[in-house]
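Encoded as structure tokens, the structure appears first; notes follow it.
The values are calculated or read from the model by the stated rules, or taken from the named source; none is laboratory data. The structure presented is a predicted model; accordingly, all values stated were derived computationally and were not measured. Cβ placement follows ideal geometry from the backbone for every residue including glycine, while neighbour counts extend to all protein chains displayed.
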Amino acid sequence: MIKVGILVSGEGSNLAAILQSCLSGTLRDRIHPVVVISNNLKDNVKPKCKYYNEELRAKEMLKENYSKIAYYLIERIKFSKEIIYDNTLCKILQVHKVDLLLLAGYNRVLKVYTYKDTILHVYANKIINIHPSLLPAFPGMNSVKKALDYGVKITGCTTHWVDEGMDTGKIIKQKSCKIHPEDTLKMLLDRVHSLEHIIFIETLVYLYLNKKI
Ligand code: GRF
């Protein structure tokens, strides 16, 4: 079983999809989430971890191969330097013996430092990101709005390995959807989001079955 750590900054809907699949979907007995770290003060993520732990207990899996998922809220602003923040996150992931790191709506770019004890170094080639566009189109923030404003007729989402660039790592999977003339931003955001929840699970199953993780 692959132990995953998950970094989040948003509402955690991708996180919820992953956790649900680990409990009772195709990721069960394959992927085991051990730690979630959020940097979002709104803290919508903690209840999702609590739910996961309660469901695990209900299934009495805690005494077998499973352990409870740990949850941390860690704000960047509490750290004087980016490298200290990064290093703290990295240490937490290591304490929980994370094999694979998932960025499920994490709003910071992982940086390369000469100092070696940082996330990109320790988890090199073991980090997967999800992005709400068909990369390499529309990297960075507000990708769904950019696609709508640009007038492209097809958009979607991408999972990719993380390197030192912004949304530049090797693509693993993509899913597309049409943009209709009457689409509002909200309609398109919802459509892309629904695809994201499917593609993250499919990506992990694909990598697991092909022994790439
Ligand atoms: C997703 O669209 C993700 O691709 C982007 O941020 C959003 C996070 O959504 N980077 P959620 O927190 O999983 O609901």
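Out of K68, K63, one residue alone is surrounded by 14 or more Cβ atoms within 10 Å (Cβ to Cβ), over 18 Å from the mean Cα position of the chain (by Cα), charged (D, E, K, R) and modelled with pLDDT under 95. It is K68. Being within 14 Å of the chain's Cα centre (by Cα), surrounded by fewer than 16 Cβ atoms within 10 Å (Cβ to Cβ) and among the acidic types (D, E) is true of E11.
Comparison of Y66, Y115 shows that the only residue that is under 23 Å from L15 (Cβ atoms) and among the aromatic types (F, W, Y) is Y66. Against the criterion of being of a type in the set (A, V, I, L, M) and loosely packed, with under 13 Cβ neighbours inside 10 Å, L209 qualifies. Condition first: touching an Asp or Glu at 6+ places or on another chain (Cβ under 8 Å) and not charged (D, E, K, R). Now tell me which residues in the stretch 66-91 satisfy that. Scanning the stretch 66-91 gives L73, N87, C90.
Hey, could you check the stretch 137-174 for residues that are of a type in the set (D, E, K, R) and within 20 Å of the chain's Cα centre (by Cα) and say which is surrounded by the most Cβ atoms within 10 Å (Cβ to Cβ)? Going through the qualifying residues, I end up with D167.
Does K146 satisfy the criteria of being in contact (Cβ under 8 Å) with a residue 24 or more places away in the chain, basic (K, R), out of contact with any Leu (no Cβ under 9 Å at 6 or more places or on another chain) and farther than 30 Å from D99 by Cβ? The answer is no for K146. Looking across the stretch 76-90, the residues that are more than 18 Å from C49 (Cα to Cα) and in contact (Cβ under 8 Å) with a residue 24 or more places away in the chain come down to R76, E82, I83, D86, N87, C90.
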